[in-house]
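Enquirer: Take a look at the following structure, please.
The values are calculated or read from the model by the stated rules, or taken from the named source; none is laboratory data. Model, not experiment: these values are computed from the prediction. Every residue, glycine among them, receives a Cβ derived from its backbone with ideal geometry; neighbour counts consider all protein chains shown.
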Amino acid sequence: MDSDIAQLEIPFGASQLFVANVLKRQLVMAFDAPQSVANPVELMTDALESPLGISALRTTIVPGDHIAVAMARDTPVPEQVMFALWDVLDDVGVNAADTTLLFPSAFDISVPPNALSELSDDAAKAVQQHTHDPLDEGGCNYLATSASGQRIYLSQHILDADFVLPVDVICPDSVLGVRGSVSCLYPGFSDTEAIRKCLGQGHDELSSDDLRPLRQFVEEVAWLLGVQFCVGLIPGADGGILAACAGTPDVVLRAGMESYRQSWEVEVTEKSDIVVAAVQTGTNGTTWEEVGRAVDVARKFVNKGGRIVVLSELEAKPGPGLSMLASQRSAKSALKVVRKEMPPDLLTATRIAKAADRADVYLLSKLPENVVEDLFLFPISSTDEVQRLLNGGETVTILGGAQYILPVVP
């Protein structure tokens, strides 16, 4: 190979690999995404037995307790996480019939079908599993009134539990600042009014360290609920777990974000004409939310008028907010519409439109070309087309696991 050419292996999707050839003088930066640990159960077990700020999980649960495991919808390898949790609960003497696995509401993400698959047949049949439906009459009931006077309603399954154990993904969040520890509880397990009020567009001007009123409110909900113990997971690029911590919510959040920064923080030292953003996922498939996050990250690395190339295996249909983009003449006008209508996928639609307003956004996916084109995106059918884009001599940045990257602009 020519010594002036860098050959870069870029994983994307569940098992795809793009080998890119880039002139070294073109390459501004290439970020290799950290991959998951080989044994997530061992990682989880260590976290549960040596938690932060509290004694081990087995010492905080009483046999006969009704346990509600509130698990974020995008929890990596949920079947492995639940296996590690049940190993402790079962050892303590908790009955499987007294254990409920709960997933918050979400309009575009299906419940992981294999969340109980690693349990024994008897346990898998006895453990109850529910997905919260905010439209279910009587599904939510009153918990308490917040310090600001807001009445808080939560799933009856959570209110009935003796011990609520949130399992969340720790990562930066443009609305909450930092997501994780207990953020899966609210508004995901509340009513439609709470979900509507919490819709946000993100705040580019704020960092993950800045205080957000919604984040403080979520923490108040967890405190009113009496949450003592939680699990925070740091995602790996390939859909697994990179790190895990357990313990009290505040300590888990701080430790988790420190771990996240060490793995996923990338400084934007120089912007590029082309940014290749790879969305690597597990076996549950790629979501529009992940693509939206990857596009939003790439937007911070690309020159205005440049190109963002997203590598994915996305095949999910666009949500209502994204569908609104199809009726608009420009990305800028589309932003006004989605902000006014406040659809449930507001944040994803906003991210796509903002990126398309700054640069040409190309998407490699499994979607029909006409669906992609309606969203102000340029469809790509193969990695050969991506390589042709890289052959033009423009400056290039490669971002592996782009949906998880935390960009830092000096």
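Enquirer: May I ask you to verify whether residue 373 is free of Cβ contacts under 8 Å to residues at least 24 places away in the same chain, among the acidic types (Asp, Glu) and surrounded by fewer than 23 Cβ atoms within 10 Å (Cβ to Cβ)? If you could, list the steps in order and put the result at the bottom.
Expert: Details: free of Cβ contacts under 8 Å to residues at least 24 places away in the same chain: yes; among the acidic types (Asp, Glu): yes; surrounded by fewer than 23 Cβ atoms within 10 Å (Cβ to Cβ): yes.
Spelling it out, residue 373 is indeed free of Cβ contacts under 8 Å to residues at least 24 places away in the same chain, among the acidic types (Asp, Glu) and surrounded by fewer than 23 Cβ atoms within 10 Å (Cβ to Cβ).
Enquirer: Please state which one of 83, 18, 12 is at pLDDT 95 or above and either assigned to a helix (DSSP H, G or I) or closer than 17 Å to residue 244 by Cα (or both). Let's see the steps before the verdict.
Expert: Details: 18 fails: either assigned to a helix (DSSP H, G or I) or closer than 17 Å to residue 244 by Cα (or both); 12 fails: either assigned to a helix (DSSP H, G or I) or closer than 17 Å to residue 244 by Cα (or both).
When all the criteria are applied, what remains is 83.
Enquirer: Being of a type in the set (S, T, N, Q) and in contact (Cβ under 8 Å) with a residue 12 or more places away in the chain is the filter here; which residues of region 126-146 pass it?
Expert: Of all residues in region 126-146, those of a type in the set (S, T, N, Q) come to 128-129, 131, 141, 145-146.
Scanning region 126-146 gives 128, 129, 131, 141, 146.
Enquirer: Pick out the one residue from 127, 164 that is within 20 Å of residue 90 (Cα to Cα), at pLDDT 95 or above, out of contact with any Ser or Thr (no Cβ under 8 Å at 6 or more places or on another chain) and buried (at least 19 other Cβ atoms within 10 Å of the Cβ). Quick ask: steps written out before the conclusion?
Expert: Details: 127 fails: out of contact with any Ser or Thr (no Cβ under 8 Å at 6 or more places or on another chain).
Testing whether each residue is within 20 Å of residue 90 (Cα to Cα), at pLDDT 95 or above, out of contact with any Ser or Thr (no Cβ under 8 Å at 6 or more places or on another chain) and buried (at least 19 other Cβ atoms within 10 Å of the Cβ) leaves just 164.
Enquirer: May I ask you to list the residues in region 34-49 that are among the polar types (S, T, N, Q), in a loop (DSSP other than H, G, I, E, B) and touching a residue at least 24 places away in the same chain (Cβ under 8 Å)?
Expert: First, pick out the residues of region 34-49 that are among the polar types (S, T, N, Q): 35-36, 39, 45.
Right, trim to in a loop (DSSP other than H, G, I, E, B) and you get 35-36, 39.
Those that are among the polar types (S, T, N, Q), in a loop (DSSP other than H, G, I, E, B) and touching a residue at least 24 places away in the same chain (Cβ under 8 Å): 35, 36.
Enquirer: From (1) more than 30 Å from residue 9 (Cα to Cα); (2) in the same structural domain as residue 315 (by TED's automatic domain parsing), pick out the condition that doesn't hold for residue 28.
Expert: So the condition that residue 28 fails would be (1).
Enquirer: Now, a different point. Taking the options 106, 123, 194, name whichever one is in contact (Cβ under 8 Å) with a residue 24 or more places away in the chain, over 30 Å from residue 341 (Cβ atoms) and among the hydrophobic types (A, V, I, L, M, F, W, C). Explain how you work it out, then say what you get.
Expert: On the way: 106 fails: over 30 Å from residue 341 (Cβ atoms); 194 fails: over 30 Å from residue 341 (Cβ atoms).
After ruling out the rest, the residue left standing is 123.
Enquirer: So for region 190-213 (the condition being buried (at least 23 other Cβ atoms within 10 Å of the Cβ) and not assigned by TED's automatic domain parsing to the domain that holds residue 392), does at least one residue qualify? Write out each step before concluding.
Expert: First, the residues of region 190-213 that are buried (at least 23 other Cβ atoms within 10 Å of the Cβ): 190.
Add one more test, that the residue is not assigned by TED's automatic domain parsing to the domain that holds residue 392, and what stays is 190.
Checked region 190-213: at least one residue is buried (at least 23 other Cβ atoms within 10 Å of the Cβ) and not assigned by TED's automatic domain parsing to the domain that holds residue 392.
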